[in-house]
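The values are calculated or read from the model by the stated rules, or taken from the named source; none is laboratory data. Because the structure is a prediction, the values reported are computed rather than measured. Neighbour counts are summed over all protein chains in view; Cβ atoms, including those assigned to glycine, are modelled from backbone coordinates with ideal geometry. For the accessible areas, the whole protein counts, side chains as well, though only heavy atoms, and no ligand, DNA or RNA atoms are used. Shrake-Rupley method; radii C 1.70, N 1.55, O 1.52, S 1.80 Å.
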Amino acid sequence: MRDTQLVMRIHSQAAIVGRAVVALALICTASACNVDRLLNTKDKDTSSPGQINSKAGLPNARAGAISQFQVAFGGSAAQSGNANEGHVNMTGLFTDEYIDLETFPTRIAIDNRIAAPGNGTMRGIYLDLSQARVSAERAAGLYKKYDSTNVLRAEMLNLAGYSYVLFAENYCSGVPFDSVSFTGAVTYGLPLPTDSIYARALADFTAASPIAVADSVANGDPKGIEQIDLARVGRARVLLDLGQFAAALAVADSVPTSFVYSIEGSTNSPRENNGVWYFSSQLAFSVADSEGINGLNFVSAADPRVPTFNTGGPGFSGTGPNFIAEEKYADPTAPIPVATGLETRLIDAEARLRAGDVAGWTSGLNGARSDSGFAPLTPDSTVTAGTTLQQNVMFRERAFWLYLTAHRLSDLRRLVRQYGRGPETVFPTGTDAITGAPYGSAVDFPVSSDETNNPNFHGCINTSA
């Protein structure tokens, strides 16, 4: 019954989005289809400066920042989904988590790793993440001005920190960060190298921690404890990205495995729908299986960490293989985890492997498996395996545990940067089975061509992993 209902839902919604795509095609070029988003960037869930520039307006500022981060991170169903794809979806498409089975050329280019700075989808998700950063920083500034000890100030700092993490992990080196005053005046920023972007993220997580600690000590407030752990996961993630494994382990070990901080979905409006669920329900992005030679077998492994459903028919394009729907996010209200204690267990395990503590690494991975009722890893893949196989197992475990949470692109880049793998050995490569075109060589997202308005920006500083 469940399968029948899903198929009915998918085909009904596909008909709706089909009409939207036909209409959009009449006004779009092949290189940039998301015109509506590019022309209409006003966030309807945020308030004007006059409404939030007071203590009474702080809840509105926070709500707007959370809403914008949700859109940037997980996407939305706004404008029939043509407005906000989100970083979870697009990092999945760029790597081996998803394949594109619809018709938008801008998304097909991303799946093929040939997206240019002027790609409409790339421009859109860059704009969404920029708005999320500015919204969180603005809200944090308002809390500092009107209610500086409020633990929600820590939450806004943490969300700003995670915005910087996504910029550092997913984009080329040299992202400029403009500042926008409450009057709308723009101060153009200088392009920052990736390590400097990580430094901004660490600064936000570090600033959030004492506010959250003071709140939890003074009031025993669960929100304070939550924000302490959110900052810790963020710091551990950044330290891992920077290759500071021992420091990452020290921070990660202080986070309980049960910790989860998620962005919640809602049916209040299409913009608040879980965007990962939405694009799957539209037969757009299908779960990949051994994509491009190097891709993991996310479907055929039949692993419960990546639940899938074969719809029995093609994707939105009407041609190609059967569409495989993700079932990790079952409905529009499904929460998308931003940070979890499980992630810190994986950071702990990887740090132990890097330090040569194979027994501790194996124990950490098998502990996570045991807690979820999974069989332990076999000794020939861990304690008696060679170094390369151990690394493969580590990143495979991360890929399955963290599927569709915007970690995979960073992990593939780390395999190149920290483990000396060639990009052609970790990213999908060869000929795309859907388009018949060769995969490109990009290993990161380009800075949007919109930044050419910034006189300080003259292109990426570095496009390597």
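Going through the stretch 224-239 one residue at a time, which ones are closer than 16 Å to Val338 by Cα and open to solvent by less than 60 Å² (accessible area, probe 1.4 Å)?
Glu226, Gln227, Ile228, Asp229, Leu230, Ala231, Val233, Gly234, Ala236, Arg237, Val238
Could we say that Arg354 is surrounded by 15 or more Cβ atoms within 10 Å (Cβ to Cβ), modelled with pLDDT of 95 or more and over 22 Å from the mean Cα position of the chain (by Cα) here? Steps first, please.
Details: surrounded by 15 or more Cβ atoms within 10 Å (Cβ to Cβ): yes; modelled with pLDDT of 95 or more: yes; over 22 Å from the mean Cα position of the chain (by Cα): yes.
Judged against the criteria, Arg354 is a match.
Can you tell me which residue in the stretch 46-78 is modelled with the lowest pLDDT, limited to those that are surrounded by fewer than 24 Cβ atoms within 10 Å (Cβ to Cβ) and within 27 Å of Leu409 (Cα to Cα)?
The selected residue is Ala78.
Go through the stretch 120-130 and report how many residues are out of contact with any Leu (no Cβ under 8 Å at 6 or more places or on another chain) and either open to solvent by less than 10 Å² (accessible area, probe 1.4 Å) or among the aromatic types (Phe, Trp, Tyr) (or both).
Going through the stretch 120-130, the residues out of contact with any Leu (no Cβ under 8 Å at 6 or more places or on another chain) turn out to be 121-122, 125-126, 128, 130.
Then drop every residue that is not either open to solvent by less than 10 Å² (accessible area, probe 1.4 Å) or among the aromatic types (Phe, Trp, Tyr) (or both), which leaves 121-122, 125-126, 128.
The number of residues fulfilling the criteria is 5.
How about the stretch 175-214: which of its residues are at pLDDT below 95 and crowded, with 20+ Cβ neighbours inside 10 Å?
none
Just the residues that are open to solvent by 10 Å² or more (accessible area, probe 1.4 Å), touching a residue at least 60 places away in the same chain (Cβ under 8 Å), among the small types (Gly, Ala, Ser) and not in a strand (DSSP E or B), please, taken from the stretch 310-347.
Ser317, Gly320, Ala334
Collect the residues in the stretch 380-403 that are of a type in the set (Phe, Trp, Tyr) and part of a helix (DSSP H, G or I), keeping them in residue-number order.
Taking the stretch 380-403 first, the residues of a type in the set (Phe, Trp, Tyr) are 395, 400-401, 403.
Listed by number, the residues that qualify are Phe395, Phe400, Trp401.
Under 6 Å between Cβ atoms, at least 6 apart or on separate chains: pull out the pairs that start in the stretch 60-72 with a residue that is in contact (Cβ under 8 Å) with a residue 40 or more places away in the chain and farther than 10 Å from Arg133 by Cα and end on any residue that is open to solvent by less than 20 Å² (accessible area, probe 1.4 Å) and in a helix (DSSP H, G or I).
So the pair list comes out as Ala61/Ile52; Ala61/Ala139; Ala61/Leu142; Arg62/Ala139; Val71/Asp128.
If I filter the stretch 377-397 for residues that are touching a residue at least 60 places away in the same chain (Cβ under 8 Å), closer than 20 Å to Glu97 by Cα and of a type outside the set (Asp, Glu), do I get at least one hit? Show your work before the answer.
First pass over the stretch 377-397, keeping only residues touching a residue at least 60 places away in the same chain (Cβ under 8 Å): 396.
Remaining after also requiring closer than 20 Å to Glu97 by Cα: 396.
After this cut, where a residue has to be of a type outside the set (Asp, Glu) as well, the list is 396.
Yes, the stretch 377-397 contains a residue that is touching a residue at least 60 places away in the same chain (Cβ under 8 Å), closer than 20 Å to Glu97 by Cα and of a type outside the set (Asp, Glu).
Any residue in the stretch 275-295 that's within 19 Å of Pro337 (Cα to Cα): show its pairings with residues that are open to solvent by less than 10 Å² (accessible area, probe 1.4 Å) and in a loop (DSSP other than H, G, I, E, B) at Cβ separation under 6 Å, as long as the two are six or more apart or on different chains.
Gly275/Gly75; Gly275/Ser76; Gly275/Gly86; Val276/Tyr329; Val276/Leu404; Trp277/Tyr329; Tyr278/Ala77; Val287/Phe298
Wholly within the stretch 188-270, which helices (runs of 4 or more DSSP H) include no fewer than the required count, namely at least 3 residues that are out of contact with any Ser or Thr (no Cβ under 8 Å at 6 or more places or on another chain) and within 28 Å of Gly64 (Cβ to Cβ)?
Working: elements: 194-219, 222-241, 245-252.
It comes to 194-219, 222-241.
Out of all the residues in the stretch 131-166, which are open to solvent by less than 10 Å² (accessible area, probe 1.4 Å) and in contact with a Phe, Trp or Tyr (Cβ under 8 Å, 6 or more places away or on another chain)?
Within the stretch 131-166, Ala132, Ala136, Met156, Asn158, Leu159, Gly161, Tyr162, Ser163, Tyr164, Val165, Leu166 qualify.
Limited to the stretch 367-379, what total is found for residues that are of a type outside the set (Lys, Arg), under 27 Å from Ser258 (Cβ atoms) and part of a helix (DSSP H, G or I)? Spell out how you get there, then give the answer.
Residues of the stretch 367-379 that are of a type outside the set (Lys, Arg), as a first pass: 367-368, 370-379.
The next check asks that each one be under 27 Å from Ser258 (Cβ atoms); those that pass are 367-368, 370-377.
Okay, now just the ones that are also part of a helix (DSSP H, G or I), so 367-368, 370-371.
Summing the residues that are of a type outside the set (Lys, Arg), under 27 Å from Ser258 (Cβ atoms) and part of a helix (DSSP H, G or I) in the stretch 367-379 gives 4.
For the stretch 180-195, enumerate the residues that are under 19 Å from Leu127 (Cβ atoms) and in contact (Cβ under 8 Å) with a residue 12 or more places away in the chain.
Step one: filter the stretch 180-195 for residues under 19 Å from Leu127 (Cβ atoms), giving 180-181, 184-189, 191-192.
Those that are under 19 Å from Leu127 (Cβ atoms) and in contact (Cβ under 8 Å) with a residue 12 or more places away in the chain: Val180, Tyr188, Gly189, Pro191, Leu192.
Among the numbered criteria (1) crowded, with 24+ Cβ neighbours inside 10 Å; (2) touching a Leu at 6+ places or on another chain (Cβ under 6 Å); (3) more than 22 Å from Thr308 (Cβ to Cβ), which single criterion is violated by Ile110?
With respect to (1) crowded, with 24+ Cβ neighbours inside 10 Å; (2) touching a Leu at 6+ places or on another chain (Cβ under 6 Å); (3) more than 22 Å from Thr308 (Cβ to Cβ), Ile110 is out only on (3).
Among the numbered conditions (1) under 24 Å from Gly64 (Cα atoms); (2) over 17 Å from the mean Cα position of the chain (by Cα); (3) crowded, with 24+ Cβ neighbours inside 10 Å, tell me where Asp100 comes up short.
Going through the list (1) under 24 Å from Gly64 (Cα atoms); (2) over 17 Å from the mean Cα position of the chain (by Cα); (3) crowded, with 24+ Cβ neighbours inside 10 Å, Asp100 breaks only (1).
Go over the candidates Ser372, Ser381 one by one and state the one that is more than 22 Å from Leu242 (Cα to Cα) and open to solvent by 30 Å² or more (accessible area, probe 1.4 Å).
Details: Ser381 fails: open to solvent by 30 Å² or more (accessible area, probe 1.4 Å).
Of Ser372, Ser381, the one residue that is more than 22 Å from Leu242 (Cα to Cα) and open to solvent by 30 Å² or more (accessible area, probe 1.4 Å) is Ser372.
Can Glu350 be described as closer than 25 Å to Trp277 by Cβ and among the acidic types (Asp, Glu)? First the steps, then the outcome.
Numbers: closer than 25 Å to Trp277 by Cβ: no; among the acidic types (Asp, Glu): yes.
No, not satisfied.
Within the stretch 422-449, how many residues are of a type outside the set (A, V, I, L, M) and in a helix (DSSP H, G or I)?
Just the residues of the stretch 422-449 that are of a type outside the set (A, V, I, L, M), to begin with: 422-425, 427-432, 435-436, 438-441, 444-446, 448-449.
Applying the additional criterion that residues be in a helix (DSSP H, G or I) yields 423-425, 449.
The number of residues fulfilling the criteria is 4.
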